[in-house]
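Note sheet for the following structure.
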């Protein structure tokens, strides 16, 4: 049963070359939502991870364990949780965020936040203790010390951001439950694949899958370029 | 490296703001939003896409947003106040919804039939029976040889699933105890298209709305074995949410959609939909007539003539 795959590759090339308007629209929306949620989660997650790493407090081990457990939280569970919050009958119902791209950004941010917090802690722990000692012995202030350690940990941090983005762009649970897969408004690549497959359009699904992988490749190349000196 | 990272973050934010504005502007642009929850069959066949295009052309100020799911989830969205109108096909639950004051009125706008479909070899020999007889036979043969005779159920609380349960009941079988746990009974938990694909892979029986089945006919090898049975009638209705219960609902636009669906323009789209692509109409328009109660599939002929 290889023919749908070949058909899909052919169709993907065709969609890309002709810049099919619907494909362009879905791709842009997918990028917007997943990049936004990665940005939001990074801006919250990295400082939060730093705070947890640099502060000594009771229950720190337990907190880190809990964060790490949340790496494997099912996307549909996060979707359901955020759905209940954003629904008009929920706590944040008044904001009318359910079935909107903004709602999806919130959902995906919640989904990947634990990843970014946890991997920030990991990557900071990976920096050797003697660098901290060295910085302090050279008369660095607290801020300068933290800055030096963050700088040393940047490769691991960018790895965490790539991982977070990968989880955001590839997930379907949050996108479907919060977005509702509305044509022209909240439909992203993964939900389109799911819909087209249930409509029996296997080739189009494969084409969209290929496009998603190409996007992931480009994003990774850009991030790798940034982390190189 | 730091400057570069900072520059990258700034560029990213600017790009996102730009794309974000683009993403929203296309859809919003000062328009009012009408959120519609629909059963999968209306969306998967492509009918609603045509209705949406025509409706938005008529009311350029309304942005119709369609969320597709089973009847069960559509009703749940309606209860929560997350949608303005639902398009569903489960009369019993619809009437409950009206009684509870959550929906304002049932507006039947189209119908077709459920088909009992299965492999063309028909291992249980149900062809020509009526629906409940056929289910009884499938159960009998399934118990004898679960390898040869299987039934795939939606199992998702959708309108189709709820009809299926009614037929099991009409066949005198206890759904929860006898049917659901039987070795020949499989719950897919998915939409109609997926369920048809699974049934095709397993060469099993299932029940499908005729619209989705006809749209899928060329992709699968299953055959519609029973199409004429009084208990297979499938009526679709539109129910706007009650503004007294859900104050935020866009009742005005919801009523406009109902009006459009029932108008001769809307009914014509329904009656003609699929004729070109599938050789016959997938849905039958009511054309102002009363809601059908128990009919036979001979309507297909009449309707095609009308559409032609």
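Quick look at the numbers
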quantity: Total residues in the stretch B:82-99, condition part of a helix (DSSP H, G or I) and over 20 Å from residue B:165 (Cβ atoms); calculated: 2
quantity: Options A:117, A:174, A:105: the member that is in contact with a helix residue (DSSP H, G or I) (Cβ under 7 Å, 6 or more places away or on another chain), touching a residue at least 40 places away in the same chain (Cβ under 8 Å), within 11 Å of chain B (Cβ to nearest Cβ) and crowded, with 24+ Cβ neighbours inside 10 Å; calculated: A:105
quantity: From the options B:71, B:92, residue that is touching a helix residue (DSSP H, G or I) at 6+ places or on another chain (Cβ under 6 Å) and outside the structural domain of residue B:168 (by TED's automatic domain parsing); calculated: B:71
quantity: Sole residue being within 12 Å of chain A (Cβ to nearest Cβ), under 27 Å from residue B:243 (Cβ atoms), within 14 Å of the chain's Cα centre (by Cα) and at pLDDT below 90, chosen from B:69, B:46; calculated: B:69
quantity: Residue match in the stretch A:22-41 (condition: in contact (Cβ under 8 Å) with a residue 40 or more places away in the chain and either at positive phi or surrounded by fewer than 15 Cβ atoms within 10 Å (Cβ to Cβ) (or both)); calculated: no
quantity: Hits in the stretch A:133-145 (condition: in contact (Cβ under 8 Å) with a residue 12 or more places away in the chain and surrounded by fewer than 18 Cβ atoms within 10 Å (Cβ to Cβ)); calculated: none
quantity: Residue match in the stretch B:147-162 (condition: free of Cβ contacts under 8 Å to residues at least 40 places away in the same chain, surrounded by fewer than 21 Cβ atoms within 10 Å (Cβ to Cβ) and in a helix (DSSP H, G or I)); calculated: no
quantity: Verdict on residue A:111 being in a helix (DSSP H, G or I), in contact with a helix residue (DSSP H, G or I) (Cβ under 7 Å, 6 or more places away or on another chain) and more than 12 Å from chain B (Cβ to nearest Cβ); calculated: yes
quantity: Selection from the stretch A:69-99 of residues that are farther than 30 Å from residue B:66 by Cα and either within 13 Å of chain B (Cβ to nearest Cβ) or within 16 Å of the chain's Cα centre (by Cα) (or both); calculated: A:70, A:71, A:72
quantity: Failed condition for residue B:76, given (1) within 18 Å of the chain's Cα centre (by Cα); (2) within 14 Å of another protein chain (Cβ to nearest Cβ); (3) buried (at least 22 other Cβ atoms within 10 Å of the Cβ); calculated: (3)
quantity: Matching residues, the stretch A:206-229, being within 12 Å of another protein chain (Cβ to nearest Cβ) and touching a helix residue (DSSP H, G or I) at 6+ places or on another chain (Cβ under 7 Å); calculated: A:219, A:223, A:226, A:227
quantity: Only one of B:277, B:265 that is closer than 22 Å to residue B:40 by Cα, surrounded by fewer than 18 Cβ atoms within 10 Å (Cβ to Cβ) and modelled with pLDDT of 85 or more; calculated: B:277
quantity: Residue within the stretch A:146-155 that is buried (at least 20 other Cβ atoms within 10 Å of the Cβ), at negative phi and in contact (Cβ under 8 Å) with a residue 40 or more places away in the chain present; calculated: no
quantity: Condition met for residue B:176 (farther than 30 Å from residue A:191 by Cα and not in a helix (DSSP H, G or I)); calculated: no
quantity: Total residues in the stretch A:84-100, condition surrounded by 22 or more Cβ atoms within 10 Å (Cβ to Cβ) and either in a helix (DSSP H, G or I) or on the phi > 0 side of the Ramachandran plot (or both); calculated: 2
quantity: Residue match in the stretch A:186-205 (condition: away from chain B (no Cβ under 13 Å), within 24 Å of residue A:114 (Cα to Cα) and either outside any helix (DSSP H, G or I) or touching a strand residue (DSSP E or B) at 6+ places or on another chain (Cβ under 9 Å) (or both)); calculated: no
quantity: Residue match in the stretch B:36-48 (condition: touching a helix residue (DSSP H, G or I) at 6+ places or on another chain (Cβ under 8 Å) and surrounded by fewer than 19 Cβ atoms within 10 Å (Cβ to Cβ)); calculated: yes
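The values are calculated or read from the model by the stated rules, or taken from the named source; none is laboratory data. On a predicted model such as this, the values are computed, not experimentally measured, just so you know. All Cβ positions, glycine included, derive from the backbone under ideal geometry; neighbour counts span all protein chains shown.
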